[in-house]
Amino acid sequence: MFFWQRTKKNAPRPRGLDRLSTSLDANLHWFKADIFANDETIVYRRFKTKGTKPRDCVLIYADNMVKHEYLSQFVLRPLMEADLPKNLKGEEIADFLAEQVIQSDGSEFVYGYSEIGDKTMDGVGVILVDGCAVGIVVDAQGWAKRAISEPPSESVVRGPRQGFGEDLGVNISLVRLRLSSPNFKTKFLHVGTQSKTRVAILYLDNVTSMDLVSEVQRRIEQMKIDAVLDSGYIQEFIQDAPYSPFPTIGQTERPDVVAAKVLEGRVAVLVDGSPFALTMPYLLVEAFQANEDYYNHWISATFHRMVRYVSFFLTTSIPAIYIALINYHPQLIPTNLVISISASRKNVPFPGIVEIVVMGLVFEILREGGVRLPRPVGQAISIVGAIVLGEAAVSASLVSAPMIIVVGITGVAGFVVPSLHDLAVPIRLFLVLLASALGLYGFVFGAIAVVLLLSSMESFGVPYLSTMTTLVPEDVKDTVVRVPWWKMALRPRYLASKDRQRLQGQTRSKN
Amino acid sequence: MRFRHAGILALCLVCLLLSGCWDYVEIEALDFVLGLGVDQIDPEYVVVMEMAKTSGGGQQASVEPKVLATKGQSVSSAGRALSNPAGLRAIWSHAYVFLISEQVAQDGILPAVEYIVRSRNTRSTIWVFITRDCTAEEVFKSKPPMANSVSEHLNAVVLMQETISGFLPLQVWELHQELADEGVYATLPTVRLVHEQGELVPLVEGTAVLKDDKMIGWLDGHESDIFCLLKGILQRGHFVIDTRVEDKGRFPITYELVGNQLQAKPVFKDGEISMSLSLDMQFAVEEMGRAPLNFRDEKMASSVEAQLATAFQEWVEELFWKLQHELNADVLGFGRLFKRKEPEAWRRFGKDWDTNFRNLPVDVEVTCQVVVAGLSSEPINVRD
């Protein structure tokens, strides 16, 4: 009784009790009664070795976490066919089995119950032999994995179609394939008292500042949480300016993006079980950069970037400007337009501000419905949204036609910059409320407030607006414009201070 | 610290709530005035407004013009007097045109335009017209064939001034300046009504000449063209001139003005003042009918150019005679030129400028050049 009470309170097991005993039955008893109590997925496979003096053995593993075929063929079969010399005692048995019988590329010895418990949960097989106080751990991890596919959240027209999966090892290998250099380093951490999730910090030794790497490591190590189920947990724990709606840590599902960011001197964090990698520091300018910008012709890339900046302005500001104009400054609208807006608003029962907030809400409801529902149903939602709510609302004079256009432009422009899409909604609302109380005056004040917030933020010591507020030619090469690759000789000033040279020597092969 | 943040936030909110929304309007509650007119000042102001009457909403939204007239003790009070019976909230800032009736203009336009110049409710770019032989209300009630409203029609015509010519448009800020400047009298374009296929249609043509703020006479469309040329205003007018082609007879040929440059120089010499003008014009031959005019023939071309110059010289002199002797109003701003360039002369002659303008010797040199002859520089040959 004394023992049970203590384990239930998670008190440390007495030193003597955490060591395997030589008796197989005693060991099995502890596993079944304590470590793996009530866990029916644990398989205890009992068998005997061959020969004159067969020994009782047991193979312990967690069902569906191992490669069953591999265990049967390269572990179980040689063991059952093995003829153990008679005179072996204690640990010598384990040595003999590991050295001469088990045909596995990875095996180690463990001595404690809880250690075996942890390892089993990682998907290994553990062999216990009667008369031997050692467990032999055989690497046989194997569970269902998703195939490498194009990430749905970041599809491209031109560019690699590989995306991260849920398996950390595979994900790291996808990045390593793109950066096959010994300077590419990976640092592992374990986070989560329950989940013990593996977290990898990726960086380039010769580019990234080590202060940054140790800062990222320090922040992750400071997390005290029971489980990490997605990289989003870590993102919220370690990011700067946690109350600001603007992201200060980047996220991507694409190994090529991670490789590019690491090459610029950033640190990437991969979390086991999450296809989303985190990159830091993250600057506002990155929200407007897409990986395709670097694969397409630089002129079209520059144009599309400008479209993104304009779209972000539209999606945050158009409703506010519209409200300000129709409620405070009808003089500023061209005559024909103001009369036609006025005509179309006749008989509309709600003031503009109600119209715009309600229609914005309806748009978000439709979007949320479309995102959560399975794809075929989601399409039905968008048709209902477009036809029923748009057309019918106008012909029933519930909303005015120009408002539908405003809400439509706002909504569509919001999709152009996906990483800022979610935060555009609160900013838009903030500006709309200010504009509806103070007109354009209020809108300008609100915009100033947003810029002040942006310029006060930083991400891992780098000012959030850096490279957007400068006119130094070297620093604006990859901001609103994207200059040709052979012009970008240096890495970003704020990130890769260690080694800024990106291009070596001659810049174009055909000169 | 937290308390302080909350305090700052509360202050911001209070500012917003107490000072916000004071000039909030719903756009559909506004009635947009497209054009304004003053028909009478004495004994009471009669103000006419052309409104855009909006109706419908949703997909049945429509706009039609509506003309309303009211009386009051001033332009603004007449405008406001309309609010109660008509139940409208007039917004004047989108008005395109401001019409002053002939009768008001003869008594002086200042009481009519003063509000338009002073008020922030109307634009300083509003076009000002004087109605000829009709009232502003009659103009607003006429039916322009293409435009939705008379005001839009007048605005559209004014914007085409360069190509259709025959008048010189003026915005209210320019009128303000011309009324205030020394050494120049203001002019305003005139609008009158003509019958067109059974409907009365407004026609912008001609110029009203003001002395101080009182209208004293008219220039017709042709005189207005010449007036524009002498003001140095770019235009693309068409002129039909009977042209003699060698000994083959006279033919009416249509010329289009494609370029005009004016150099006006006030001369002050030996205590005497005079004006020296040089007017250069470039023409395109637009239509020559049966005229056997061949522009490859240089002699023929220069004879045409000489005839053009003579015709224009004559028109210019006629206009000068009218301005100097008939109207005696320096609408071309020669006085202003003297003031700017020969201040000594202006000090001596400026005091009695009307008399001095009447006797001012004006030397005009007109040169004409035909630069374009259409697609063919030769006459079209017809088979015998």
Task: FRET efficiency, A:Arg178 to A:His29 (Cβ-Cβ, R0 51 Å, nearest 0.05) - done: 0.50
TODO: Report, by chain and number, residues whose modeled amide H sits under 5 Å from the one on B:Leu34, excluding near sequence neighbours (fewer than 5 apart, same chain).
DONE: B:Glu50, B:Met51, B:Ala52
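What does DSSP give for region B:1-134 in terms of the percent of beta bridges that are antiparallel, rounded to the nearest 5?
65
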Task: Protection proxy ranking, peptides A:468-476, A:206-214, average beta carbon neighbours within 10 Å, highest first - done: A:206-214, A:468-476
TODO: Have a look at the DSSP beta bridges in the protein assembly as shown and tell me what percent are antiparallel, nearest 5.
DONE: 80
TODO: Could you line up B:Arg347, A:Arg500 from fewest to most neighbouring Cβ atoms inside 10 Å?
DONE: B:Arg347, A:Arg500
- [ ] Using every Cα-Cα pair within region A:258-390, state what percent have a distance larger than 19 Å.
- [x] 72
TODO: Only Cα pairs under 8 Å and at least 6 apart count here; give the relative contact order of chain B as a rounded whole percent.
DONE: 12
Task: Neighbour-count order for A:Cys132, B:Cys15, B:Cys368, B:Cys21, fewest beta carbons within 10 angstrom listed first - done: B:Cys15, B:Cys21, B:Cys368, A:Cys132
Task: Sequence-distant residues sharing a close amide H with B:Val364 (under 5 Å, placed H) - done: B:Leu277
Open item on the list: Suppose each label sits 7 Å from its Cα in the direction of the beta carbon; what would the B:Val14-B:Lys341 distance come out to in nanometres?
Closed with: 6.5
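Per-residue Cβ counts within 10 Å, from other chains only, averaged over B:26-34: what number is that?
Counting Cβ atoms of other protein chains within 10 Å of each residue's Cβ and averaging gives 6.
Run the helix sum for chain B: -39,500 (n - 2.57) per DSSP H stretch of 4+ residues, divided by residue count, reported at 222 nm to the nearest 500 deg cm²/dmol.
-9500 deg cm²/dmol
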Open item on the list: Output wanted: per-residue J couplings in Hz (rounded whole) for region A:30-37, from phi through Karplus 6.51 cos²θ - 1.76 cosθ + 1.60, θ = phi - 60°, x for Gly and Pro.
Closed with: 4, 5, 5, 8, 10, 4, 9, 4
Open item on the list: Rounded to the nearest angstrom and ordered from largest down, what semi-axes does the equivalent ellipsoid of chain A get from its C-alpha gyration tensor (root of 5λ)?
Closed with: 59, 29, 21
- [ ] Counting other beta carbons within 10 Å of each Cβ, put A:Tyr464, A:Tyr294 in order, fewest first.
- [x] A:Tyr294, A:Tyr464
TODO: Nearest 5 is fine: what % of DSSP beta bridges in region B:28-219 come out antiparallel, could you say?
DONE: 75
Task: Two-site label geometry, B:Ala29 and A:Val371: point separation in nm, points 7 Å out along Cα→Cβ - done: 3.8
TODO: With a point put 7 Å past each Cα toward its Cβ, work out how far A:Phe109 is from B:Asp242 in nm, to one decimal.
DONE: 13.1
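Hull surface divided by four, with the convex hull built on the Cα atoms of region B:232-384: how many nm²?
Result: a mean projected hull area of 10.9 nm².
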Open item on the list: Quick query: amide H of B:Thr243 versus all other amide H atoms, modeled in the peptide plane; which residues come in under 5 Å with a sequence gap of 5 or more or a different chain?
Closed with: B:Phe251, B:Ile253
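Readers should treat all values here as calculations from the given coordinates under stated rules, not as data from a laboratory. On a predicted model such as this, the values are computed, not experimentally measured, just so you know. In this analysis, Cβ positions are derived from the backbone assuming ideal geometry, glycine residues included, and neighbour counts consider all displayed protein chains.
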